[in-house]
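The values are calculated or read from the model by the stated rules, or taken from the named source; none is laboratory data. Here the structure is a predicted model, which means the values were calculated and not measured. A quick note on method: Cβ atoms are made from the backbone with ideal geometry, for glycine too, and the neighbour counts reach across all protein chains shown.
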Amino acid sequence: MAQVQGLGKRYLKAFFKGFFVAVPVTVTFLDRVACVARVEGASMQPSLNPGGRQASDVVLLNHWSIRNYDVQRGDIVSLVSPRNPEQKIIKRVIALEGDIIKTIGYKKKYVKVPHGHIWVEGDHHGHSFDSNAFGPVSLGLLHARATHILWPPQRWQKLQPMLPPERKPLQREQE
């Protein structure tokens with residue numbers, strides 16, 4: 001009986017040792033490398049959630065790829081909402097710093113994206129709360145780049161940067 005108690009004690013000790021190592025490693029991985037997120041709403045249709053409310057896409061968000069704020073036009077990114085810091089939004093990068101963009105319903109018809117900022121829009125313009133509502137977004141609000149659709153299985157795919165031809169910047173600073 002004493003041997004069984006000793007075995008249980010060793011098992012419990014090993015479990016807690018593993019637990020206290022695994023939790024910080026997992027949290028660090030999810031915070032710094034990658035995580036998954038469910039996309040809600042119609043703002044990114046048809047790229048994400050093409051079925052509307054019936055099904056939500058689940059995407060892989062790569063934190064590591066944007067650690068140096070290295071984004072390009074056409075990337076789908078997750079960012080902290082400029083209007084509600086408690087909320088994360090997912091949008092497509094339309095213009096980078098220095099680009100001049102023709103807006104859709106913003107207070108100015110043309111905007112030059114300032115240094116340290118990007119212009120983001122949803123693919124479904126009539127149903128998107130994006131830079132046309134709040135203006136250029138600070139790079140500091142970037143959270144991650146969406147790289148793959150993971151769910152539903154019939155939509156598994158890598159998300160390629162794609163910029164709609166009608167949304168290309170009018171003028172770009174020399175790169």
Original post:
Out of the residues in region 51-60 that are part of a loop (DSSP other than H, G, I, E, B) and touching a residue at least 12 places away in the same chain (Cβ under 8 Å), which is nearest to the chain's Cα centre (by Cα)?
Top reply: D57
Original post:
Can you name the residue in region 19-78 that is more than 14 Å from R145 (Cβ to Cβ) and touching a His at 6+ places or on another chain (Cβ under 6 Å) and, of all such residues, is modelled with the lowest pLDDT?
Top reply: A42
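Yes/no matrix, rows are residues, columns are (1) of a type in the set (F, W, Y); (2) surrounded by 12 or more Cβ atoms within 10 Å (Cβ to Cβ):
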{"position": "D99", "(1), (2)": "no, yes"}
{"position": "D130", "(1), (2)": "no, yes"}
{"position": "F134", "(1), (2)": "yes, yes"}
{"position": "G140", "(1), (2)": "no, no"}
{"position": "L150", "(1), (2)": "no, yes"}
{"position": "L159", "(1), (2)": "no, yes"}
{"position": "L170", "(1), (2)": "no, no"}
Original post:
What tally of residues in region 49-73 results from selecting those that are charged (D, E, K, R), buried (at least 17 other Cβ atoms within 10 Å of the Cβ) and within 28 Å of L170 (Cα to Cα)?
Top reply: 1
Subject >> Index of the failed condition, E121 passing every other in (1) more than 13 Å from the chain's Cα centre (by Cα); (2) of a type in the set (D, E); (3) surrounded by 19 or more Cβ atoms within 10 Å (Cβ to Cβ) >> reply: (1)
